[in-house]
Each structure stands twice: as structure tokens, then as C-alpha cells.
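Taking it in order: structure first as C-alpha cells, then the write-up.
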């Protein structure tokens, strides 16, 4: 399977379409009378920056798939895949193995889509009563463009039909953004879990295949340099993607955090940790087996090669250093984004 170019992939085409629609919403909000005033669409960065949000999250959804798929292809070439007790130069049944990921991904895409829609419907909450769809005496506490026809003093040119149609598109954009977030998280987790459970996968167990860290790797990365490249690329991409929600958060008071920010508060830690936690836990256990093999060889040269290997994904070459900086940047961005007080996490 050849890596797809971003611009020719469905992620790329979808990203372009979403960016175009998001830009269109920014422009059309002006003649609809929803753009300006307190709570106007263009005055709310968490909405008006959607073109940037989609550009960054679309790249993340693409990278969190393609770079990991590439990494699987490089495992056998790096002396990591074994059949019985012998290393193989070519991953047997590689295409069949990768096809199983493609099938699972279709399910992940569908689940992410449903989550995006459901969460958005819940987020709309009070709008159902404002629009007269559900009877309720509860009005939306935040009086912004979404209820513009009910506040003519701020939006004198807004109409009922125009506001409702505009919000259908706007909240559809929100659902799409949530979907891309869940899709990226799910893809990273799926590939990490598959590496962790490699020998237990039915398609692998039938072939008597296993993964053993290559303690003789000339790149000094235990033969998993392609996986490391994918992990580091994820953090570089995530660091760039978090610029948009940071700009959005700056415009919001801490006491008035909106639903989107609350979603990010709980989803972002998972996205930040997922590329690292599962692979590192897996390597910890596989490292012990590599040490036993090196010692069993009974050669000082073998042990020297083992000591030269770097277990940490951020240690290998320029991309590793870039990934390390990106990880620190991501952590700093998250702290800034939510102004976390870590003392509050302590019991008592």
C-alpha cells in the first residue's frame, strides 16, 4: 500500500471542503446580520477561526493514520518482526494485515461521526426551545448570534429563518471538528494498542509472528525508528493544532468556558498521552526480552550494541529532538489553555 498524498486523500479533500464552508460562514454572517455586536459570529474567535481549526485538525487526522501505516511497513526491514524464532526480511501477509486496519478504520470513522453529532446536539441544548422546536421556559444564558432573532437590540438585521439556517451549518461544522478530534485519538490508540497486542491478534497468531526489539539496530532505536518517527510527527502536528484552541481560549473568561473548551479539557489529555503511553509501556516489557537475548549471546560486542540503543521515542536524531520540543510545547500549551492549578489535583 502506497502512502496517499494529503491533497489526494479523503482527509485532504474533506479538509479543503470544510475550510471553504467555514470561510463561507464567516462571510455570509455579515449580510445575515450575525457578524458584529456582542456575541457576533466574527467577534467569537472559537467560531470564526474554524478555517484554521479544520486546516490543522485535518492534517492531524491524516498524519495519525498515514505515518503509522508507514511505520508498520518498516518493521520487518528493521529486523523487528520474527516468524517463530527467526527474523523475517519481509512482513508476511503485510497487505492482509494492513487491510484489517482499513476495515477497522471504517468503524472508527462511523463511531467518530456519531459522537460528533450526538455531542453537538447536546451542546445545542437550549437552542431547541429558542427555535420553538421543544417547549421550554428556559432561555439560553449566552445571548449570542445563535439566538440573534431574539435580541434585535444587538442584531437588528437578523431574521428567524436566516439565523436558524446559519446555525444548522455552524453546528454541523462543530460536529465535524469533534469528529476529527475523536478520529485522530482513535487512530493513534488503535495503532499503539495493535503494537502492544501484536502477538495476540488473530491474523498474527495464525502466522506465528512476533515483535522483538532489535538490539543491533544501526540507527540505535531498537528497530522501531519508523514508529518513533510517527510518534514525533504526532506531537509536532498536535503542537501546531493546539494554536487554534489557545487563540480561542484567550477570548473567553475562565468563568464562562463554553462547551467546546470543556470538550477540549477532557479530550486533549487523551490525545496528548495516547501516542506515548501505550508504545512506551510496550517497549518496557519487550526491552527485558531483548536484554535476555543479548546476554544469552554471551558476547561483549552484543552487550555494547544493546547499551547503544535508545528506548525513548524522542532520542533518535533531528526528528526526535523536534518531537521532544513539540511534546514540551504541547504540555505548556495545555497548561496555558486551561490555567491548570496542579495543587488542585492533590487530595485534601
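The numbers here are math on the coordinates, done by the rules we state, and not lab data. None of these values were measured; they are calculated from a predicted model. FYI the Cβ positions are ideal-geometry reconstructions off the backbone, even for glycines, and counts take in every protein chain you see.
Percent relative contact order of the chain, based on C-alpha pairs within less than 8 angstrom and at least six residues apart? The partial results should precede the final answer.
Numbers: 408 pairs, mean separation 77.9, N = 348.
Answer for the chain is 22 percent.
Cβ neighbours within 10 Å, averaged per peptide: list 5-16, 215-226 in order, most packed at the top. Before the final figure, lay out the partial values.
Values: 5-16: 15.1, 215-226: 21.5.
Averaged packing, sorted descending, gives the order 215-226, 5-16.
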| query | For helix 50-74, what angle does its Cα long axis make with the longest principal axis of the chain, in degrees from 0 to 90 and rounded to 10? | reply | 20 degrees
| task | Mind computing the radius of gyration and Dmax over the alpha-carbon atoms of the stretch 162-229? Å is fine for both. | result | 20.6, 66
| request: As a check on your grasp of the helix formula, calculate [θ] at 222 nm for the chain: sum -39500 (n - 2.57) over DSSP H runs of n ≥ 4, divide by the residue count, round to the nearest 500. | output: -21500 deg cm²/dmol
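Which peptide among 65-77, 149-161 comes first, and what is the full order, when sorted by highest mean count of other Cβ atoms within 10 Å? Mind dumping the intermediate values first?
Numbers: 65-77: 19.8, 149-161: 14.9.
The packing order, highest mean first, is 65-77, 149-161.
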| How would you rank 229-236, 329-336, highest first, on the average number of other Cβ atoms within 10 Å across their residues? | 229-236, 329-336
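What number does the chain give for Rg over Rh if you use C-alpha atoms and the Kirkwood radius?
Working: Rg = 24.2 Å, Rh = 22.6 Å.
In the chain, Rg relative to Rh is 1.07.
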| task | Compute the Cα gyration tensor for the stretch 90-156, then decide on rounded, prolate or oblate, letting a ≥ b ≥ c be the square roots of its eigenvalues: rounded whenever a/c is under 1.5, prolate when a/b is larger than b/c in the other cases, and oblate in all that remain. | result | prolate
